[in-house]
Each structure stands twice: as C-alpha cells, then as structure tokens.
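See below for the structure under consideration.
The values are calculated or read from the model by the stated rules, or taken from the named source; none is laboratory data. Just so it is clear, the model here is predicted, and its values are computed rather than measured. Neighbour counts are summed over all protein chains in view; Cβ atoms, including those assigned to glycine, are modelled from backbone coordinates with ideal geometry. What goes into the accessible areas is simple: the full protein's heavy atoms, side chains included, and nothing from ligands, DNA or RNA. Shrake-Rupley method; radii C 1.70, N 1.55, O 1.52, S 1.80 Å.
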2 protein chains.
Amino acid sequence: MNWLDEVSWDDKGLVPVIAQEAASGDVLMFAWMNREALQKTAELGQAVYFSRSRGRLWHKGEESGHLQTVHEIRLDCDNDVILLKVTQLGHEPGIACHTGRHSCFFSLYKDGQWVVTEPVLKDPGSIYK
Amino acid sequence: MNWLDEVSWDDKGLVPVIAQEAASGDVLMFAWMNREALQKTAELGQAVYFSRSRGRLWHKGEESGHLQTVHEIRLDCDNDVILLKVTQLGHEPGIACHTGRHSCFFSLYKDGQWVVTEPVLKDPGSIYK
C-alpha cells in the first residue's frame with residue numbers, strides 16, 4: 001500500500017499538521033496538507049502545506065524566505081494527524097509566525113484573559129514585501 | 001470580551017488541540033475541544049476534550065487514570081488552535097496514547113513507508129477495563 005493512502009484524509013482531502021522545532025521542541029505552528037503537499041514535503045525535505053484560505057499549495061517560506069527543513073514526518077495512531085520535526089530557517093531564532101514571532105502560540109491563558117508572551121522578532125512588513 | 005469568545009470555533013463549534021508534555025517537550029496527542037471542554041480544562045487544571053466519536057466531553061484519563069495536569073493553555077495567532085502544556089499522569093513514563101504508548105505520534109516516515117518507532121509501555125487491555 002502506498003504510504004500516502006495510509007493517511008486518513010478528511011472529507012476535504014486534508015490532514016492537520018503540527019510543526020515542531022527539532023532542536024528546541026517548541027511547537028511552532030499548525031497547518032494543513034493535502035496529498036500533494038505531503039508528497040512534496042517528503043520529496044523536497046522542506047515543509048509544503050495546503051493553504052485553505054488561498055486554496056493552493058503553500059511552500060512555507062516562499063515569500064518570507066522562512067523555509068522549514070523537515071527532519072521527521074510522523075503520523076498519529078489514528079492516521080489522521082501529521083507531526084513534522086523541522087528546522088526553521090531564515091532568521092535566528094527562527095520565525096515561524098506571520099506576525100514575526102518565533103511561534104504562533106504566543107497567547108497564554110491567564111486569569112480569564114489571553115496574554116501575549118512572545119516578542120516580535122522582525123517587523124512583518126519587512127518579511128512580506 | 002469573554003476569553004472563550006476570542007477563540008475562533010469552527011463550524012462544528014470545535015477547536016483543534018495539541019497536547020505537549022511540559023517537561024520533555026514531546027508532542028503527546030492531538031484532540032478537539034468545544035467551548036465547555038475548554039472552560040472545564042481551565043477550571044480543573046486537567047485536560048478535558050470533546051470526543052467527536054462519542055459526541056460528548058472526554059475528561060482525559062477518566063477510564064485509564066491517565067489524567068493530564070495542565071500547566072499552560074495557549075492560543076495561536078489565528079485564534080483557532082489550542083496548545084496545552086501538560087504533565088501526563090498515571091504511568092512513568094507517561095502514556096498518552098490509547099495503544100499504550102507514550103505519544104500518539106509513533107509512526108515515522110522512512111523510505112516510502114510508515115515505521116513504528118515507540119514501544120508499547122502497557123497493554124491497552126489492562127488500561128481499559
């Protein structure tokens with residue numbers, strides 16, 4: 001059986017993807033892949049997602065230069081979630097978030113509120129020309 | 001604004017949730033929450049998910065004893081994904097997966113195949129009576 005057929009694609013042909021920084025263990029972002037995106041990710045060794053808003057493949061870093069080198073592709077016990085272990089390229093420390101932050105998970109729940117915890121490392125206006 | 005209203009719930013009233021082990025950084029599992037599950041998680045300091053298959057709240061560990069203490073609740077930049085930092089209770093090392101493994105992400109892509117990489121720490125038959 002083809003490895004791509006073992007993935008339980010949802011009714012839109014997508015699978016959720018968690019990107020984790022290999023060196024730090026930080027969870028950087030969450031995105032989606034379709035079959036073609038997963039195949040390209042394996043072929044290139046770089047993260048290729050499917051952008052639901054743009055309705056097309058999204059080679060992460062194609063605009064920003066913030067590519068992700070993929071070290072591991074993992075599948076969960078129900079075959080319906082992917083975990084990538086990546087190195088986030090293009091800046092030190094890595095910027096995965098479109099807001100210019102290291103990780104997309106910068107809002108922390110505290111006493112009934114969401115509090116921003118991570119600094120903006122680079123102005124988003126200078127990331128996306 | 002109520003913090004629960006700031007979450008972008010999907011058309012089924014759910015949000016995807018990543019559970020990461022606080023001490024090791026290991027991504028343990030992926031699940032879903034509805035509004036009530038997230039509120040209870042914050043109140044109890046233990047992970048409460050929404051089981052899509054059972055159509056009801058799922059207090060993680062309610063059958064297995066493998067509860068998750070929640071140290072942090074984080075929200076991503078689009079307000080539509082939750083990240084929990086947890087301690088996985090009930091076994092040492094922690095068992096988050098219903099297969100008796102530490103993590104649900106035990107299948108690794110290698111040369112066109114998914115390869116099982118993590119040992120079963122406890123027989124699932126003895127976890128779920």
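For B:R52, place a label point 7 Å from Cα along the Cα-to-Cβ direction in every copy; what are the distances to the other copies, in nm, shortest first?
1.0
How big is D for chain A, in µm² s⁻¹ as a whole number, if Stokes-Einstein is applied with the Kirkwood radius of its Cα pairs at 20 °C and 1.002 mPa s?
Value of D from the Cα-based Kirkwood radius: 140 µm²/s.
Which residue in chain B puts its Cβ closest to the axis that rotates chain B onto chain A, and at what distance in whole Å?
B:G25, 1
What accessible area, summed over both chains, is buried at the A-B interface (1.4 Å probe, Å², nearest 100)?
3100 Å²
In terms of the Cα gyration tensor, with a ≥ b ≥ c the square roots of its eigenvalues, is the protein assembly as shown rounded because a/c is under 1.5, prolate because a/b exceeds b/c, or oblate?
oblate
Calculate, in nm to one decimal, what A:V115 and A:D78 gain on full extension: separation in residues at 0.36 nm each, minus their alpha carbon distance.
The A:V115-A:D78 span can extend by a further 10.0 nm.
Kindly provide the trypsin sites (Lys or Arg not before Pro) of the stretch B:47-81 that DSSP labels as loop, not H, G, I, E or B, and whose Cβ sees at most 12 other Cβ atoms within 10 Å.
Taking the stretch B:47-81 and a limit of 12 other Cβ atoms within 10 Å, the loop trypsin sites (Lys or Arg not before Pro) found are B:R54.
Which of A:Q46, A:Q113, A:Q68 moves the most in a Gaussian network model of chain A with Cα springs under 10 Å?
A:Q113
Say a label goes 7 Å from Cα toward Cβ at B:T69 in every copy; what distances in nm does this one have to the rest, shortest first?
Spacings between copies for this position, smallest first, are 3.7 nm.
Once R0 is set to 35 Å, what does the formula 1/(1 + (r/R0)^6) return for the Cβ-Cβ distance between A:S51 and A:A23, expressed as a FRET efficiency to the nearest 0.05?
0.85
Under 10 Å, Cα contacts only: if you run a Gaussian network model on chain A, which one of A:E63, A:E72, A:E92 comes out with the highest mean-square fluctuation?
Highest fluctuation of the listed residues: A:E92.
With the label 7 angstrom out along Cα to Cβ, how close does B:N2 come to the same site in each of the other copies, in nm, nearest first?
Computed spacing set for this position: 4.7 nm.
Distance between the C-alpha centers of the stretch A:75-129 and the stretch B:1-45? Whole Å please.
17 Å
Return the residues of the stretch A:78-103 for which accessible area with all protein chains present is lower than in the chain on its own by 20 Å² or more; set the probe to 1.4 Å and exclude ligands, DNA and RNA.
A:V81, A:L83, A:H98
In a GNM of chain A with a 10 Å cut-off on Cα contacts, which of A:F50, A:F30, A:F106 has the highest mean-square fluctuation?
Judging by the Gaussian network model, the answer is A:F106.
Tilt of helix A:35-44 relative to the longest C-alpha principal axis of chain A, in degrees (0 to 90, nearest 10)?
70 degrees
How many lysine pairs in the protein assembly as shown, separated by 8 or more positions in sequence or lying on different chains, have Cα atoms less than 16 Å apart?
Taking the Cα cut-off of 16 Å, the pair count is 13.
Within the stretch A:1-119, what whole-number % of the accessible surface is contributed by carbon and sulfur, with the 1.4 Å probe and all protein chains included in the calculation?
46 percent
Excluding A:C104 itself, calculate the net charge of residues whose Cβ lies under 13 Å from the Cβ of A:C104, where each Lys or Arg counts +1 and each Asp or Glu counts -1.
-3
At 1.4 Å probe size, put A:K12, A:K110, A:K40, A:K85 in order of accessible surface, largest to smallest.
Ranked list, largest accessible area first: A:K12, A:K110, A:K40, A:K85.
Provide the per residue accessible area, probe 1.4 Å, for the stretch B:3-127, rounded to a whole number of square angstrom.
43 Å²
Counting alpha carbon pairs within less than 8 Å and at least 6 residues apart, what relative contact order, in whole percent, applies to the stretch A:3-127?
It comes to 21 percent, rounded to a whole number.
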